[in-house]
1. Going through the stretch 334-377 one residue at a time, which ones are of a type in the set (Val, Ile, Thr), crowded, with 16+ Cβ neighbours inside 10 Å and out of contact with any Lys or Arg (no Cβ under 9 Å at 6 or more places or on another chain)?
2. Taking the stretch 426-461 on its own, how many of its residues are buried (at least 22 other Cβ atoms within 10 Å of the Cβ) and either under 16 Å from Ile393 (Cβ atoms) or modelled with pLDDT of 95 or more (or both)?
3. Which one is farthest from Phe191 (Cα to Cα) among residues in the stretch 232-263 that are surrounded by fewer than 23 Cβ atoms within 10 Å (Cβ to Cβ) and touching a strand residue (DSSP E or B) at 6+ places or on another chain (Cβ under 8 Å)?
4. Only residues in the stretch 603-615 that are in the same structural domain as Gly463 (by TED's automatic domain parsing) count as the first member; pair them with residues that are acidic (Asp, Glu), Cβ under 7 angstrom, at least 6 apart or cross-chain, and list the lot.
5. Can you report the number of residues in the stretch 470-494 which are among the small types (Gly, Ala, Ser) and crowded, with 21+ Cβ neighbours inside 10 Å?
6. Report, by residue number, each residue of the stretch 475-501 that is under 21 Å from Pro74 (Cα atoms) and among the hydroxyl-bearing types (Ser, Thr, Tyr).
Amino acid sequence: MIFAATERTAVGRTAIAVIVVILLVVAAAAGVYYYSSRTSTTSSISSSSSTSSSSSAGGAVNTLSIDSWSWPFPGDLSVLNTPVSPWPEWQYMTVYQTLVTVNDTKLWDTGTVQFEPGLANYTSSDNNQTWTFNLRQNVKFSNGDPLNAYQVWLEFYGVYYLNGNSSTWLNNYNVFNYTGVNFGPSTLALFNQSGVINPSAQALTVMENDSWPIYVTGPYQLVMHLTGPFDWLPGTLLTYGGLIYDTQYVLDHGGFGTPASPSTYFNLNPIPGTGPYVVSQFSVNAYVNFTQSPTYWGDNLTANQVKAQPLFDPGHVKNVVVYANSDDLSRYINLEHGTAQIADIESSDWSLVTSNPSQFGYVQLPPWAGLVSVLGLNTQEYPTNITLVRQAIVHAINYTDLYDAAYLGHASPFMGPEYPAWSQFYDLGSFQPYQYNLTLAKQDLAAANIKNMPPLTLRIETGCEACTAGASVITADLAQIGITVNEQVLSGSAYLSVYGSYSYNVQNAQQIGQLSWVDGGEGWGAFALTPADYWVSFVSNESLWGNWAAYSNPTVQACVNAFTTTSNVTEIQQLCAAAQQQIYNDAPYAWIGTLGLWLPVGGSTVYDKNVISGFLLDPTWGGQSSLPIFNTVTFVNGQ
């Protein structure tokens, strides 16, 4: 849906624990973690563009200005490695495009997932185990380097290498068999000599090796062979590991780095992409100026072709400036006075938006959306390692009060881990979402027979209005059943640094505390557009990021595995129905709700209806970016 008058957003950060900690330390040292206003001055990569926004009432908009609540972190502007790519990804679909796209309008309007060709057409074998991608020809990166299958091959193996040769490098999904694959420093040394524009015969031999799970059959054809059938593979290529960039540029500027020390050169030297905009100037923690690419492959698309796939739109203004502005009232004033045309407005100033409906429209999510709020109950730490205690907690929370306090009343109950867009797999068994029931909560706690209940630690990320307000409700609610909660407020870097993969969280359960807002309490959006995504993230023993309850169960894991081992939907549903029953009984999470407003920290993205007529948003509900996809922004003057 192209947004007009109502809209949306989400969050999702992903990480291998060791790499996350390293990158957080590097990012913090570089000063990226909290966000100065637009007066900040640091280095820029060009002096050719202006950072001022200009438009006249009823006239053409020369520069689109967007005020964002958050500078991308960790890693500034680098998309070199995944799953630790920066969020929110300001360059999503505008600088970096994907092999596969989605009908974003249909997804937002009806909840229907329809994958479409992006930088490649694709086919799959009868059992959806082998996927073949035929790349568009005559597509170039913004610096003139050609897009070919060799570039994509090296990107995918480079990411695999940076993730410690983990088979789950593709957005948490364990779908490749790397037995027998020998990719490392010697392979990278070969490509440093060969390059990927006109690779040597020796390099071609490596890339054409069809015993490896990803291989090329020619300059424009790439094949992925999976360990089993996976009907939703295209959805894993829509974000993070699927963002296509120029690996020749990476080779020419020092390479990928190592798993222990990924290159930080590209944090401030963005890798070229194939999209309609390029980064022309920026100041860390302050702004990024994007300029239309003069060599964009989609410039010659017809109006009908752009209408059929708006994500390919060349854009409607020459310059777009995105500001990282940490002051909410300042963002509102900029929007009100026309200095910005789109801005993130948090809950503290939300009444200013709703009191002026003639000027402001805002993003509202449809009821099937996947932006969710989740509270992890540590299954490895006393006393939340006791099922009856967790059951008591999930029934002691007054969800209606929490929605009003934290999410401006724009939230709805759900029964996780699935979210409503995947109706085939959502709440199999039709369980009622956990409800506020003090009598039941007290009965459960009494049955747990704990003589001296210790205080529980609830960790909160600073700067998140929704998290702080929600924590106050939870603290008061649990006090009613005799549980004391100590709220521990931490910086973003400190908060995230203690979490990692499922196994890491199990081994380090004490540092997590008993209660944690998943991903800081900000909304959680999908890593990838598949029905397996929240199962993989929240309840899998192979989760790289998201399983903050440190929870695993064989019945549940059987459901998780089924998504990538069979195309038999009935079989998946049967296994996941049993898993849903297990999760409902075990209560590893309080599934707080699906969120109705787009901004993950409370509030939403707001736009000036007198200037902006519509735009598209992240198809993974903010899991990739909380910005509008700004090449799709259209204007009331017909621009």
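1. First, pick out the residues of the stretch 334-377 that are of a type in the set (Val, Ile, Thr): 339, 342, 345, 353-354, 363, 372, 374.
Keeping just the survivors that are crowded, with 16+ Cβ neighbours inside 10 Å gives 339, 342, 345, 353, 363, 372, 374.
Correct list: Thr339, Ile342, Val353, Val372, Val374.
2. Number of matching residues: 7.
3. Residue satisfying both the conditions and the ranking: Ser263.
4. Taking only residues 6 or more apart or on different chains, not a single pair turns up.
5. Our first condition is that a residue be among the small types (Gly, Ala, Ser); within the stretch 470-494, this holds for 470-472, 476, 479, 482, 491-494.
Cutting the leftovers down to crowded, with 21+ Cβ neighbours inside 10 Å gives us 470-471, 492.
So the count comes out to 3.
6. Step one: list which residues in the stretch 475-501 are under 21 Å from Pro74 (Cα atoms), which gives 489-501.
Across the stretch 475-501, the qualifying residues are Ser491, Ser493, Tyr495, Ser497, Tyr499, Ser501.
Residue-by-condition table, conditions (1) touching a residue at least 12 places away in the same chain (Cβ under 8 Å); (2) out of contact with any Pro (no Cβ under 8 Å at 6 or more places or on another chain); (3) under 25 Å from Thr239 (Cβ atoms); (4) assigned by TED's automatic domain parsing to the domain that holds Ser166:
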position	(1), (2), (3), (4)
Leu440	yes, yes, no, no
Asn449	no, yes, no, no
Glu461	yes, yes, yes, no
Glu465	yes, yes, no, no
Glu487	yes, yes, no, no
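Quick grid of which residues meet (1) within 23 Å of Thr63 (Cα to Cα); (2) among the hydroxyl-bearing types (Ser, Thr, Tyr):
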residue: Pro234; (1), (2): no, no
residue: Tyr245; (1), (2): no, yes
residue: Leu251; (1), (2): no, no
residue: Thr258; (1), (2): no, yes
residue: Thr291; (1), (2): yes, yes
residue: Asn304; (1), (2): no, no
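The values are calculated or read from the model by the stated rules, or taken from the named source; none is laboratory data. All figures in this text were calculated on a predicted structure; none of them were measured in a lab. Positions of Cβ are generated from backbone atoms using ideal geometry, with glycine treated the same way; all protein chains shown enter the neighbour counts.
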